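The values are calculated or read from the model by the stated rules, or taken from the named source; none is laboratory data. Since this is a predicted model, take the numbers as computed values, not measurements. Quick reminder, even Gly has a Cβ in these numbers, built from the backbone with ideal geometry, and neighbours come from all protein chains shown.
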Amino acid sequence: MSTLPTNIVRHGEPSRSALRVASLRAVHQLLDEPVVLPDPIALPLLGAKTEAALRDDPFALNDPVSRGLRAALVARSRFVEDEMARGVAAGVRQYVLLGAGLDTFAYRNPHSSLGLKVFEVDHPGTQGWKRQLLAEAGIGVPPSLSLVPVDFERDELAGTLRQAGFRADQPACVSWMGVTMYLTAAAVLRTAGTVAGFAEGTSLCFDYRVPAAMLNPLERAVSEFVEQQARAIGEPWVSAFDPTQLQLQLIELGFKGAESPTPEALNTRYFARRKDGMRTGGGVRLMCATK
């Protein structure tokens, strides 16, 4: 099974990229107005010391690259949660987060009264780290959440989910954010094929890197800088996809359709008429495939 790269967690040590994502999500609550992704858990999850430091100087994470990354992270989280909400309205009651990291949806789940069950799938080391952060913040694990520890080298996704209570005969919304760029193209398509075998009505939403040739000069420079940072901390980017070709590959795997909104569409949807100029770029795109 190759749902996540094993290099992201080393013997239970925190992923620096996961920490950065969580920190940027927290800074969004402090600096950006209006807030696109309200998240009361984002700051306390980081611990009292880090929360205090960010509150004291949130502008430490407000350089141009951090602002662009923050917009991309906010857009992707809001996008998948909007898609999930549409699924709930249509009767979906299972939400799977592959590589959940420090995602906080399960702890602010607005659909728990409707019976939405959340499955966080991740490496045992990452889950242990997150449990420690939650305990230190006094945040309990809600009954609607199932933590699904996975050995990504050996375990099979569908079977592991079923053992955790996932209903294979019922549709699900599957979120797979911040992961595919660390995997080979073959591994990405292999996992997408597994989700394509889930029940009708299932959706798979994920982000992916596009080839540098598709970017304008500014986007290319930012993408190269972020890629260099990822490589420097031992979490290198591996794959990139052409959006049109990826859509066709997903349909070949068994999805009925696949949509990849342009950066312009996302900016219109989430960042229109803002005074702060918050915008997402085109280096990493979003895809939502449906059964």
Response to the item:
Taking first residues from the range 181-201 that are within 14 Å of residue 241 (Cα to Cα) and second residues anywhere that are charged (D, E, K, R), the pairs with Cβ under 8 Å that are 6 or more apart or on different chains are 181/207; 181/209; 182/235
Worksheet item: Quick one: what pairs do we get from the range 145-173, first residue under 12 Å from residue 124 (Cα atoms) and touching a residue at least 24 places away in the same chain (Cβ under 8 Å), second crowded, with 20+ Cβ neighbours inside 10 Å and of a type outside the set (A, V, I, L, M, F, W, C), C-beta under 6 Å, 6+ apart or different chains?
Response: 147/120; 147/127; 149/127; 152/3
Worksheet entry | Elements of type helices (runs of 4 or more DSSP H) in the range 15-75, at least 2 residues being in contact (Cβ under 8 Å) with a residue 24 or more places away in the chain, among the hydrophobic types (A, V, I, L, M, F, W, C) and under 23 Å from residue 282 (Cα atoms) | 16-31
Worksheet entry | Residue check, residue 156 surrounded by fewer than 21 Cβ atoms within 10 Å (Cβ to Cβ), of a type in the set (Asp, Glu), touching a Gly at 6+ places or on another chain (Cβ under 7 Å) and over 24 Å from residue 83 (Cα atoms) | no
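Taking the range 166-185, which residues are aromatic (Phe, Trp, Tyr) and in a strand (DSSP E or B)?
If we filter the range 166-185 for residues that are aromatic (Phe, Trp, Tyr), which is where we start, we get 166, 176, 182.
Listed by number, the list holds a single entry, 176.
Can you tell me which residues in the range 245-263 are free of Cβ contacts under 8 Å to residues at least 40 places away in the same chain and under 20 Å from the mean Cα position of the chain (by Cα)?
First, the residues of the range 245-263 that are free of Cβ contacts under 8 Å to residues at least 40 places away in the same chain: 245, 248, 251-252, 256-260, 262-263.
Those that are free of Cβ contacts under 8 Å to residues at least 40 places away in the same chain and under 20 Å from the mean Cα position of the chain (by Cα): 258, 259, 260, 262, 263.
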Worksheet item: Just checking, how many residues over the range 49-59 are aliphatic (A, V, I, L, M) and within 24 Å of the chain's Cα centre (by Cα)?
Response: 1
Worksheet item: So which residues in the range 227-275 are β-branched (Val, Ile, Thr) and either in contact with a helix residue (DSSP H, G or I) (Cβ under 7 Å, 6 or more places away or on another chain) or at positive phi (or both)?
Response: 233, 238
Worksheet item: Quick one: residue 78 ticks every box in (1) in a loop (DSSP other than H, G, I, E, B); (2) touching a Phe, Trp or Tyr at 6+ places or on another chain (Cβ under 7 Å) bar one, so which box is it?
Response: (1)
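Being at positive phi, at pLDDT below 95 and surrounded by 17 or more Cβ atoms within 10 Å (Cβ to Cβ) is true for just one of 47, 101, 125. Which residue is that?
Result: 101 is the single residue among 47, 101, 125 that is at positive phi, at pLDDT below 95 and surrounded by 17 or more Cβ atoms within 10 Å (Cβ to Cβ).
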